[in-house]
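Peer 1: First, the structure itself, so that you have it in front of you.
We did not get these values from a lab; they are worked out from the coordinates using the rules stated. Keep in mind the model is a prediction, meaning the values are calculated, not measured. All Cβ positions, glycine included, derive from the backbone under ideal geometry; neighbour counts span all protein chains shown.
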Amino acid sequence: MSHEARLLALLQQHSWELPPPAEPKGTYRPVVQTGQLLFTAGHLPIGSDGRVAGGRAGEDIDAQAAHGVARQVGLAILSTVRAHLGSLDRVARVVKVFGVINCTADFTQQPAVLNGCSELFAAVFGPEAGVGVRSAIGAPSLPLGAAVEIEAVFELADC
């Protein structure tokens, strides 16, 4: 099954929505391709209504809710990548995922939160190609009050 077909099946199965591709909120590009690598800027959990899913893990939201927010950010990244490439089928593999979780100083479940995005990528690109290296850290605040910000690097199959 193609990456595109897996994504569409997941969207239908879980009633998830693919948000519109990211628009820059400052002086940067949402995605840059160099050779066979595609880098995404940090993406926020912006829904199809344009609202940012905010909150602070350990204070306003728990790890499970933040996990869902990280999945939402993963969908936003896929939307941006898909718009740039024309199809997710051009992705050979996920190389790296870097996530920042808006959280309290004593919150230690950042990796569990980032699993929301990592599990989505594994489901779309497969268990081998969909899992790359990653880092998950906490921060006391994020742009626009977002609960999670994630960036990713992908290797492309056909450049």
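Peer 1: Of the DSSP beta bridges with both residues in region 72-159, give the percent that are antiparallel, rounding to the nearest 5. Before the final figure, lay out the partial values.
Peer 2: Numbers: 9 of 16 bridges.
Taking every DSSP beta bridge with both residues in region 72-159, the antiparallel ones total about 55 percent.
Peer 1: Further question: For the chain, compute Rg over Rh where Rg is the Cα radius of gyration and Rh is the Kirkwood radius from the inverse mean 1/r over Cα pairs.
Peer 2: Result: Rg/Rh = 0.95.
Peer 1: So, in nm, how far is label S15 from label K96 when the simple model puts each one 7 Å beyond its Cα toward the Cβ?
Peer 2: It is 3.9 nm.
Peer 1: If you take every residue apart from E151 with its C-beta less than 13 Å away from the C-beta of E151, what net charge results, scoring Lys and Arg +1 and Asp and Glu -1?
Peer 2: +2
Peer 1: A follow-up question, please. To test your reading of the geometry: what angle, between 0 and 90 degrees and rounded to tens, separates the Cα axis of helix 63-85 from the longest principal axis of the chain?
Peer 2: 30
Peer 1: How much of the DSSP bridge set in the chain is antiparallel, in percent, rounded to the nearest 5?
Peer 2: Of the beta bridges lying entirely in the chain, close to 70 percent run antiparallel.
Peer 1: Sticking with this structure for a sec: Add +1 for every Lys or Arg and -1 for every Asp or Glu among the other residues with Cβ under 12 Å from the Cβ of P20, and state the total.
Peer 2: Working: positive: R82; negative: E17, E23, D49.
With Lys, Arg at +1 and Asp, Glu at -1, the neighbours total -2.
Peer 1: Tell me the angle of helix 110-125 to the major Cα principal axis of the chain, expressed in degrees between 0 and 90 and rounded to the nearest ten.
Peer 2: 20
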